[in-house]
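What follows is one structure encoded as C-alpha coordinates, with my remarks underneath.
The values are calculated or read from the model by the stated rules, or taken from the named source; none is laboratory data. Not measured: the values here are computed from a predicted model. Note that each Cβ is placed from the backbone with ideal geometry, even for glycine, and that neighbours are counted across all protein chains shown.
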Amino acid sequence: MAAVRRAAVIGTGTMGPGIGAVLARAGVETALHDVSAEALERARSAAELAANVLERLDAAAEEGGSLRFESELAAALEGVDFVIEAVPENLDLKHEVFRRLEELVAADAVLASNTSGIPITSIATVCEHPERVVGMHWSNPPHLIPMIEVIPGEKTSQQTVETATALVRRVGYHPVQEKEVPGFVENRVLYAILRECLDLVDRGIISPEDLDLNVRWGIGYKLAVIGPMELLDMAGLDIYEAVGSYLNRDLSTSAEVSSTVRDLIGKGRLGMKTGGGIYDYTPEQIEELRARRAAKLVAVRRALEG
Ligand SMILES: NC(=O)c1ccc[n+]([C@@H]2O[C@H](COP(=O)([O-])OP(=O)(O)OC[C@H]3O[C@@H](n4cnc5c(N)ncnc54)[C@H](O)[C@@H]3O)[C@@H](O)[C@H]2O)c1
(Lines give C-alpha, C1' and ligand atoms only; values in the text may rest on other atoms or scores of the structure.)
Protein backbone atom coordinates (compact mmCIF):
# COMPACT_ATOMS: atom_id res chain seq x y z
CA MET A 1 0.00 0.00 0.00
CA ALA A 2 1.65 3.23 -1.16
CA ALA A 3 1.54 6.26 1.15
CA VAL A 4 -0.79 9.07 0.08
CA ARG A 5 1.18 11.70 -1.81
CA ARG A 6 -1.41 14.05 -3.32
CA ALA A 7 -4.85 14.77 -1.90
CA ALA A 8 -7.78 17.08 -2.48
CA VAL A 9 -10.38 18.38 -0.04
CA ILE A 10 -13.69 19.24 -1.72
CA GLY A 11 -15.70 21.88 0.16
CA THR A 12 -13.92 24.51 2.26
CA GLY A 13 -16.53 25.63 4.79
CA THR A 14 -16.18 24.87 8.50
CA MET A 15 -14.23 21.62 8.07
CA GLY A 16 -12.22 21.76 4.83
CA PRO A 17 -9.50 24.32 5.70
CA GLY A 18 -8.47 22.61 8.95
CA ILE A 19 -8.41 19.20 7.23
CA GLY A 20 -6.22 20.68 4.49
CA ALA A 21 -3.81 22.21 7.00
CA VAL A 22 -3.42 18.89 8.83
CA LEU A 23 -2.74 16.97 5.60
CA ALA A 24 -0.23 19.53 4.32
CA ARG A 25 1.68 19.48 7.61
CA ALA A 26 1.89 15.69 7.39
CA GLY A 27 3.69 15.93 4.05
CA VAL A 28 0.76 15.58 1.65
CA GLU A 29 0.49 17.87 -1.42
CA THR A 30 -3.05 19.08 -0.83
CA ALA A 31 -5.51 21.05 -2.97
CA LEU A 32 -8.58 22.74 -1.49
CA HIS A 33 -11.55 23.26 -3.79
CA ASP A 34 -14.93 24.96 -3.33
CA VAL A 35 -17.66 26.00 -5.78
CA SER A 36 -17.92 29.32 -3.94
CA ALA A 37 -15.13 31.81 -4.64
CA GLU A 38 -15.87 33.53 -1.30
CA ALA A 39 -15.60 30.27 0.62
CA LEU A 40 -12.30 29.46 -1.11
CA GLU A 41 -10.99 32.94 -0.25
CA ARG A 42 -12.05 32.58 3.40
CA ALA A 43 -10.38 29.18 3.45
CA ARG A 44 -6.98 30.83 2.94
CA SER A 45 -7.08 32.60 6.30
CA ALA A 46 -8.83 29.68 8.04
CA ALA A 47 -6.15 27.26 6.82
CA GLU A 48 -3.42 29.67 7.93
CA LEU A 49 -4.98 29.93 11.40
CA ALA A 50 -5.17 26.14 11.59
CA ALA A 51 -1.53 25.83 10.47
CA ASN A 52 -0.50 28.26 13.24
CA VAL A 53 -2.35 26.16 15.81
CA LEU A 54 -0.56 23.03 14.56
CA GLU A 55 2.73 24.90 14.95
CA ARG A 56 1.81 25.82 18.54
CA LEU A 57 0.94 22.18 19.18
CA ASP A 58 4.33 21.13 17.87
CA ALA A 59 2.46 18.64 15.70
CA ALA A 60 4.79 16.29 13.83
CA ALA A 61 5.68 17.80 10.45
CA GLU A 62 6.86 15.96 7.35
CA GLU A 63 8.67 17.40 4.35
CA GLY A 64 6.98 17.72 0.98
CA GLY A 65 3.55 18.91 2.09
CA SER A 66 1.86 21.94 0.57
CA LEU A 67 -1.53 23.60 0.32
CA ARG A 68 -3.03 25.20 -2.76
CA PHE A 69 -6.45 26.63 -3.54
CA GLU A 70 -8.18 25.62 -6.75
CA SER A 71 -11.44 27.02 -8.10
CA GLU A 72 -11.56 24.31 -10.81
CA LEU A 73 -12.42 20.81 -9.63
CA ALA A 74 -10.32 19.14 -12.35
CA ALA A 75 -7.23 21.14 -11.32
CA ALA A 76 -7.74 20.21 -7.67
CA LEU A 77 -7.98 16.53 -8.56
CA GLU A 78 -4.95 16.33 -10.83
CA GLY A 79 -2.82 13.34 -9.87
CA VAL A 80 -4.55 12.78 -6.51
CA ASP A 81 -4.55 9.43 -4.79
CA PHE A 82 -6.90 10.48 -1.97
CA VAL A 83 -9.96 12.78 -1.90
CA ILE A 84 -11.86 14.00 1.15
CA GLU A 85 -15.35 15.30 0.39
CA ALA A 86 -16.57 17.94 2.86
CA VAL A 87 -19.59 19.52 1.12
CA PRO A 88 -22.87 20.14 3.01
CA GLU A 89 -24.70 17.20 4.56
CA ASN A 90 -27.12 16.46 1.72
CA LEU A 91 -27.25 13.08 -0.03
CA ASP A 92 -28.21 14.45 -3.48
CA LEU A 93 -25.31 16.90 -3.38
CA LYS A 94 -22.88 14.22 -2.21
CA HIS A 95 -24.08 11.98 -5.08
CA GLU A 96 -23.45 14.77 -7.57
CA VAL A 97 -19.95 15.32 -6.16
CA PHE A 98 -19.02 11.62 -6.06
CA ARG A 99 -20.17 11.16 -9.67
CA ARG A 100 -17.89 14.01 -10.74
CA LEU A 101 -15.02 12.73 -8.63
CA GLU A 102 -15.13 9.32 -10.29
CA GLU A 103 -14.98 10.96 -13.73
CA LEU A 104 -11.84 12.88 -12.81
CA VAL A 105 -9.62 10.70 -10.60
CA ALA A 106 -7.56 7.56 -11.28
CA ALA A 107 -9.36 4.24 -10.83
CA ASP A 108 -7.43 3.43 -7.66
CA ALA A 109 -7.80 6.79 -5.88
CA VAL A 110 -9.63 6.59 -2.54
CA LEU A 111 -12.77 8.70 -2.17
CA ALA A 112 -13.51 9.54 1.47
CA SER A 113 -16.54 11.39 2.82
CA ASN A 114 -16.50 13.50 5.95
CA THR A 115 -20.26 12.99 6.31
CA SER A 116 -21.52 13.27 9.89
CA GLY A 117 -23.81 10.31 9.52
CA ILE A 118 -25.15 9.62 6.02
CA PRO A 119 -24.51 5.91 5.42
CA ILE A 120 -21.42 5.40 3.27
CA THR A 121 -23.27 2.62 1.44
CA SER A 122 -25.88 5.22 0.30
CA ILE A 123 -23.23 7.70 -0.83
CA ALA A 124 -21.41 4.96 -2.79
CA THR A 125 -24.52 3.83 -4.71
CA VAL A 126 -23.70 6.28 -7.55
CA CYS A 127 -20.12 5.06 -7.86
CA GLU A 128 -18.78 2.60 -10.38
CA HIS A 129 -16.13 1.62 -7.84
CA PRO A 130 -17.86 1.63 -4.44
CA GLU A 131 -14.96 -0.41 -3.07
CA ARG A 132 -12.85 2.78 -2.91
CA VAL A 133 -15.44 4.84 -1.02
CA VAL A 134 -15.02 5.17 2.74
CA GLY A 135 -16.24 7.34 5.61
CA MET A 136 -13.57 9.48 7.25
CA HIS A 137 -15.32 11.46 9.94
CA TRP A 138 -13.19 14.26 11.36
CA SER A 139 -14.28 16.03 14.50
CA ASN A 140 -14.64 19.83 14.64
CA PRO A 141 -12.22 21.66 14.83
CA PRO A 142 -10.38 19.19 12.61
CA HIS A 143 -6.94 20.64 13.29
CA LEU A 144 -7.39 20.14 17.03
CA ILE A 145 -9.33 16.94 17.67
CA PRO A 146 -6.97 14.02 17.03
CA MET A 147 -9.52 11.24 16.49
CA ILE A 148 -11.05 10.23 13.17
CA GLU A 149 -13.76 7.62 12.65
CA VAL A 150 -13.08 5.34 9.66
CA ILE A 151 -16.30 3.76 8.41
CA PRO A 152 -16.51 1.25 5.57
CA GLY A 153 -19.73 0.92 3.59
CA GLU A 154 -21.06 -2.48 2.54
CA LYS A 155 -18.84 -2.57 -0.56
CA THR A 156 -15.72 -0.82 0.74
CA SER A 157 -12.56 -2.90 0.27
CA GLN A 158 -10.21 -3.74 3.10
CA GLN A 159 -7.45 -1.99 1.20
CA THR A 160 -9.43 1.27 1.14
CA VAL A 161 -10.02 1.02 4.89
CA GLU A 162 -6.31 0.41 5.42
CA THR A 163 -5.28 3.35 3.23
CA ALA A 164 -7.61 5.70 5.15
CA THR A 165 -6.46 4.31 8.50
CA ALA A 166 -2.80 4.69 7.53
CA LEU A 167 -3.41 8.30 6.52
CA VAL A 168 -5.03 9.03 9.91
CA ARG A 169 -1.96 7.54 11.67
CA ARG A 170 0.36 9.50 9.42
CA VAL A 171 -1.17 12.84 10.45
CA GLY A 172 -0.61 11.78 14.08
CA TYR A 173 -4.28 11.14 14.85
CA HIS A 174 -6.06 8.12 16.37
CA PRO A 175 -8.03 6.11 13.80
CA VAL A 176 -11.15 4.38 15.12
CA GLN A 177 -12.68 1.74 12.85
CA GLU A 178 -16.44 1.28 13.11
CA LYS A 179 -19.25 -0.52 11.37
CA GLU A 180 -21.84 1.64 9.63
CA VAL A 181 -24.52 2.85 12.03
CA PRO A 182 -26.73 5.99 11.83
CA GLY A 183 -24.84 8.99 13.20
CA PHE A 184 -21.66 6.95 13.66
CA VAL A 185 -20.37 6.32 17.16
CA GLU A 186 -19.12 9.77 18.16
CA ASN A 187 -22.40 11.51 17.40
CA ARG A 188 -24.50 8.71 18.92
CA VAL A 189 -22.66 9.13 22.21
CA LEU A 190 -22.84 12.92 22.00
CA TYR A 191 -26.55 12.93 21.20
CA ALA A 192 -27.30 10.48 24.02
CA ILE A 193 -25.56 12.90 26.42
CA LEU A 194 -27.28 15.95 24.90
CA ARG A 195 -30.72 14.31 25.17
CA GLU A 196 -30.30 13.66 28.88
CA CYS A 197 -28.77 17.12 29.52
CA LEU A 198 -31.61 18.89 27.72
CA ASP A 199 -34.25 16.77 29.45
CA LEU A 200 -32.83 17.84 32.85
CA VAL A 201 -32.92 21.49 31.75
CA ASP A 202 -36.44 21.14 30.23
CA ARG A 203 -37.71 19.75 33.54
CA GLY A 204 -36.08 22.55 35.57
CA ILE A 205 -33.89 20.10 37.51
CA ILE A 206 -30.82 22.24 36.81
CA SER A 207 -30.02 25.57 35.13
CA PRO A 208 -28.07 25.59 31.84
CA GLU A 209 -25.13 27.27 33.62
CA ASP A 210 -24.95 24.65 36.36
CA LEU A 211 -25.46 21.84 33.86
CA ASP A 212 -22.42 23.07 31.91
CA LEU A 213 -20.34 23.30 35.10
CA ASN A 214 -21.46 19.85 36.21
CA VAL A 215 -20.55 18.16 32.92
CA ARG A 216 -17.34 20.08 32.22
CA TRP A 217 -15.82 19.52 35.65
CA GLY A 218 -17.46 16.14 36.29
CA ILE A 219 -17.65 13.59 33.50
CA GLY A 220 -16.13 15.86 30.82
CA TYR A 221 -12.81 16.35 32.58
CA LYS A 222 -12.73 12.71 33.71
CA LEU A 223 -13.68 11.17 30.35
CA ALA A 224 -10.86 13.02 28.58
CA VAL A 225 -8.46 10.88 30.64
CA ILE A 226 -10.42 7.68 31.31
CA GLY A 227 -12.66 6.23 28.58
CA PRO A 228 -16.16 4.94 29.45
CA MET A 229 -15.11 1.28 29.29
CA GLU A 230 -12.11 1.99 31.50
CA LEU A 231 -14.35 3.96 33.84
CA LEU A 232 -16.64 0.94 34.26
CA ASP A 233 -13.70 -1.21 35.32
CA MET A 234 -12.51 1.50 37.68
CA ALA A 235 -15.90 1.92 39.33
CA GLY A 236 -16.63 -1.84 39.42
CA LEU A 237 -19.07 -3.59 37.11
CA ASP A 238 -21.20 -4.63 40.10
CA ILE A 239 -21.63 -0.97 41.06
CA TYR A 240 -22.69 -0.16 37.49
CA GLU A 241 -25.19 -3.04 37.59
CA ALA A 242 -26.64 -1.87 40.90
CA VAL A 243 -27.03 1.77 39.80
CA GLY A 244 -27.97 0.98 36.18
CA SER A 245 -30.75 -1.36 37.26
CA TYR A 246 -32.77 1.49 38.76
CA LEU A 247 -31.33 4.54 36.94
CA ASN A 248 -31.48 3.33 33.32
CA ARG A 249 -35.26 3.19 33.40
CA ASP A 250 -35.45 6.79 34.64
CA LEU A 251 -33.25 8.26 31.89
CA SER A 252 -34.80 10.09 28.96
CA THR A 253 -35.77 7.88 26.03
CA SER A 254 -37.68 10.67 24.28
CA ALA A 255 -37.66 10.57 20.47
CA GLU A 256 -38.63 14.28 20.42
CA VAL A 257 -36.25 17.23 20.34
CA SER A 258 -36.16 19.17 23.65
CA SER A 259 -38.83 21.83 24.22
CA THR A 260 -36.14 24.31 25.36
CA VAL A 261 -34.42 23.97 21.98
CA ARG A 262 -37.66 24.13 19.99
CA ASP A 263 -38.84 27.28 21.87
CA LEU A 264 -35.53 29.06 21.27
CA ILE A 265 -35.54 28.18 17.56
CA GLY A 266 -39.11 29.56 17.37
CA LYS A 267 -37.74 32.89 18.66
CA GLY A 268 -34.96 32.93 16.05
CA ARG A 269 -32.32 32.18 18.69
CA LEU A 270 -30.06 29.67 16.93
CA GLY A 271 -26.91 30.13 19.01
CA MET A 272 -23.72 32.11 18.41
CA LYS A 273 -24.54 32.68 14.74
CA THR A 274 -27.62 34.77 15.68
CA GLY A 275 -26.05 36.44 18.73
CA GLY A 276 -27.84 34.15 21.17
CA GLY A 277 -29.27 30.73 21.80
CA ILE A 278 -29.26 29.22 25.27
CA TYR A 279 -26.89 32.07 26.25
CA ASP A 280 -26.44 35.62 24.86
CA TYR A 281 -23.30 36.72 23.01
CA THR A 282 -21.94 40.03 21.73
CA PRO A 283 -19.68 39.83 18.64
CA GLU A 284 -16.68 40.66 20.88
CA GLN A 285 -17.55 37.85 23.27
CA ILE A 286 -17.83 35.40 20.39
CA GLU A 287 -14.32 36.29 19.18
CA GLU A 288 -12.94 36.07 22.69
CA LEU A 289 -14.67 32.75 23.43
CA ARG A 290 -13.43 31.19 20.20
CA ALA A 291 -9.84 32.23 20.91
CA ARG A 292 -10.00 31.16 24.58
CA ARG A 293 -11.55 27.79 23.75
CA ALA A 294 -8.98 27.08 21.02
CA ALA A 295 -6.15 27.94 23.45
CA LYS A 296 -7.64 25.65 26.10
CA LEU A 297 -8.07 22.78 23.64
CA VAL A 298 -4.43 23.18 22.63
CA ALA A 299 -3.33 23.16 26.29
CA VAL A 300 -5.50 20.14 27.17
CA ARG A 301 -4.33 18.18 24.13
CA ARG A 302 -0.70 18.86 25.01
CA ALA A 303 -1.34 17.73 28.59
CA LEU A 304 -3.16 14.56 27.49
CA GLU A 305 -0.39 13.65 25.04
CA GLY A 306 2.20 13.92 27.80
N1 LIG B 1 -19.28 21.38 10.94
C2 LIG B 1 -19.02 20.36 11.73
O3 LIG B 1 -18.91 20.46 12.95
C4 LIG B 1 -18.80 18.99 11.12
C5 LIG B 1 -18.13 18.00 11.87
C6 LIG B 1 -17.88 16.75 11.28
C7 LIG B 1 -18.37 16.48 10.00
N8 LIG B 1 -19.03 17.47 9.31
C9 LIG B 1 -19.50 17.13 7.96
O10 LIG B 1 -18.57 17.65 7.02
C11 LIG B 1 -19.25 18.07 5.84
C12 LIG B 1 -19.00 19.55 5.62
O13 LIG B 1 -19.47 20.26 6.75
P14 LIG B 1 -19.14 21.80 6.98
O15 LIG B 1 -19.69 22.12 8.32
O16 LIG B 1 -17.72 22.08 6.67
O17 LIG B 1 -20.07 22.45 5.86
P18 LIG B 1 -20.14 23.98 5.37
O19 LIG B 1 -21.52 24.22 4.94
O20 LIG B 1 -19.49 24.88 6.39
O21 LIG B 1 -19.16 23.98 4.09
C22 LIG B 1 -19.43 23.26 2.94
C23 LIG B 1 -18.73 23.92 1.76
O24 LIG B 1 -18.97 23.11 0.61
C25 LIG B 1 -19.11 23.99 -0.49
N26 LIG B 1 -19.79 23.27 -1.56
C27 LIG B 1 -21.12 23.11 -1.79
N28 LIG B 1 -21.32 22.38 -2.91
C29 LIG B 1 -20.09 22.08 -3.39
C30 LIG B 1 -19.63 21.36 -4.53
N31 LIG B 1 -20.48 20.78 -5.37
N32 LIG B 1 -18.29 21.27 -4.73
C33 LIG B 1 -17.42 21.86 -3.89
N34 LIG B 1 -17.79 22.56 -2.80
C35 LIG B 1 -19.11 22.65 -2.54
C36 LIG B 1 -19.88 25.17 0.05
O37 LIG B 1 -19.68 26.31 -0.76
C38 LIG B 1 -19.26 25.31 1.44
O39 LIG B 1 -18.18 26.23 1.44
C40 LIG B 1 -20.73 17.71 6.06
O41 LIG B 1 -21.00 16.44 5.54
C42 LIG B 1 -20.85 17.71 7.59
O43 LIG B 1 -21.90 16.90 8.03
C44 LIG B 1 -19.24 18.71 9.83
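Applying the selection to segment 174-186, what residues are in contact with a Phe, Trp or Tyr (Cβ under 9 Å, 6 or more places away or on another chain) and in contact (Cβ under 8 Å) with a residue 60 or more places away in the chain? Talk me through it step by step, then tell me what you get.
Pass one, segment 174-186, residues in contact with a Phe, Trp or Tyr (Cβ under 9 Å, 6 or more places away or on another chain): 178, 183.
Within segment 174-186, just G183 meets the criteria.
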- request: Exactly one condition in (1) more than 16 Å from the ligand (Cβ to nearest atom); (2) exposed (fewer than 13 other Cβ atoms within 10 Å of the Cβ); (3) charged (D, E, K, R) is not met by D92; state its number.
  value: (1)
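Does I145 satisfy the criteria of being touching a Gly at 6+ places or on another chain (Cβ under 8 Å) and under 30 Å from A43 (Cα atoms)?
It is false that I145 is touching a Gly at 6+ places or on another chain (Cβ under 8 Å) and under 30 Å from A43 (Cα atoms).
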query: Among E256, E230, E288, E284, which is under 17 Å from L194 (Cα atoms) and of a type in the set (D, E)?
result: E256
- request: Select, from D81, D108, D58, the only residue that is at pLDDT below 95, closer than 21 Å to A164 by Cβ and away from the ligand (no atom under 12 Å from the Cβ).
  value: D108
Which listed residue is touching a residue at least 24 places away in the same chain (Cβ under 8 Å) and touching a Pro at 6+ places or on another chain (Cβ under 9 Å), from A74, A21: A21
task: Take segment 9-52 and flag every residue that is within 11 Å of the ligand (Cβ to nearest atom), crowded, with 24+ Cβ neighbours inside 10 Å and part of a helix (DSSP H, G or I).
output: G16, P17, G18, I19, A43
field: Which numbered condition A166 misses (of (1) within 14 Å of the ligand (Cβ to nearest atom); (2) surrounded by fewer than 22 Cβ atoms within 10 Å (Cβ to Cβ))
entry: (1)
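Results for (1) within 12 Å of the ligand (Cβ to nearest atom); (2) crowded, with 21+ Cβ neighbours inside 10 Å, shown as yes or no for each residue.
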| position | (1), (2) |
| --- | --- |
| S71 | yes, no |
| A86 | yes, yes |
| E103 | no, no |
| G117 | yes, no |
- request: Among residues belonging to segment 257-267 that are of a type outside the set (A, V, I, L, M, F, W, C) and surrounded by 10 or more Cβ atoms within 10 Å (Cβ to Cβ), point out the one that is farthest from I206 (Cα to Cα).
  value: K267
field: Complete set of residues in segment 280-302 that are in a helix (DSSP H, G or I), surrounded by 13 or more Cβ atoms within 10 Å (Cβ to Cβ) and without any contact (Cβ under 8 Å) to a residue 40 or more places away in the chain
entry: Q285, I286, L289
